[in-house]
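Scroll down for the structure; my scribbles are underneath it.
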């Protein structure tokens, strides 16, 4: 007698008594996640021992196809007696208000809903069905767009959601399928004779991810059949590197970042301008840092003002300080740069000063 189909998802960060909520779109990955969790929760040995529910988000896109997805998920959860949270959203309305892309808006809405489930006490953890294939697509897409190491860290297996009502027990977003290939998931469902829904937008090559999935990655796999695992390994290394840097920056930034401007006789005058925030860094202290840390400090300083620096903008700041030579960037005292996100940089004889208007 053949053994029942199983899917070896990661149980890391899952504990008996947890309230788990699986995000289920109706696609193969999320259906497999839900069924694997249900099977593990009812196993005779080593059962999960958790409270299991599901959440489905209707994005207000794809018309009747999305309606059918919702009905499919409803019927699937009813068959296994799994409580289901259904949320209706209007991505077109959000895009009109925010100017986001469809992908950005849909993701923001989903994660707002996931967070609300945690903060309302309906779930301790929300689980998404991202796979090894999703990870490799994400890392390659970030690489093509010129991401720093935080971008190359890809999809994180664990994201902490602070919960003010239970500060000692924050919520979690978990991705337990990150080391499982999509082909393995489809094989698992086929053995169970379990159908799934196919999202027609996954074949729309207007989306960068779909072009990477259907054209670029297949070519690269011809050169390296283990490419997906290689890119996943790169993401893990980037996460560890980023964690190490953040620890170092948390230690150093309070010593390096200065409020306001220096005043004659010593001390600093903190601006009372209600529409602007600013910080400064002494040039000699920047000069004492190695190049890698110097870049990190500048980017962290900009982030504290709510701005993100590109590689080019970071290089221009370094040139303004006199650490790089860029012909179009002056490096004398009194020089200034206007960067993206309304970030302004000014050089004095002793300092680099960054300022940005406060949001209204």
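Share of antiparallel DSSP beta bridges in the chain, in percent to the nearest 5? Don't jump to the answer; show the numbers that get you there.
Numbers: 23 of 39 bridges.
Antiparallel bridges make up about 60 percent of those DSSP assigns within the chain.
Using the number of other C-beta atoms within 10 angstrom as an exposure proxy, rank 328, 230, 98, 138 with the fewest first. Spell out each step's value before the answer.
Details: 328 6, 230 14, 98 11, 138 22.
Listed from fewest to most nearby Cβ atoms, that is 328, 98, 230, 138.
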To the nearest 10 degrees, the tilt of helix 311-321 (Cα long axis) against the first principal axis of the alpha carbons of the chain is 20 degrees
Taking the alpha-carbon centre of each part, the distance from the range 57-130 to the range 184-209 in Å is 17 Å
Quick note, the range 1-66: a/c under 1.5 would make it rounded; otherwise a/b > b/c is prolate and the rest oblate (a ≥ b ≥ c, C-alpha gyration tensor); here it is oblate
Exposure-ranked with fewest Cβ neighbours within 10 Å first, 358, 34 stand as 358, 34
Once both label points are put 7 Å beyond Cα along the C-beta direction, the residue 243-residue 169 separation in nm becomes 2.4 nm
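Grab the DSSP H runs of the chain that are 4 residues or longer, score each as -39,500 (n - 2.57), total them, divide by all residues and round the 222 nm result to the nearest 500 deg cm²/dmol. Mind dumping the intermediate values first?
Numbers: 13 runs with 155 residues, N = 360.
The per-residue figure over the chain is -13500 deg cm²/dmol.
According to the square roots a ≥ b ≥ c of the eigenvalues of the Cα gyration tensor, what is the shape class of the range 19-242, taking rounded for a/c under 1.5, prolate for a/b larger than b/c otherwise, and oblate for the remainder? Please report the intermediate quantities before stating the final value.
Details: a/c = 1.25, a/b = 1.23, b/c = 1.02.
The shape class here is rounded.
Every number in this text was worked out from the coordinates using simple rules, so none of it is lab data. This one's a predicted model, so the numbers in the text were calculated from it and none came from an experiment. We place every Cβ from the backbone using ideal geometry, glycine too, and count neighbours over all the protein chains shown.
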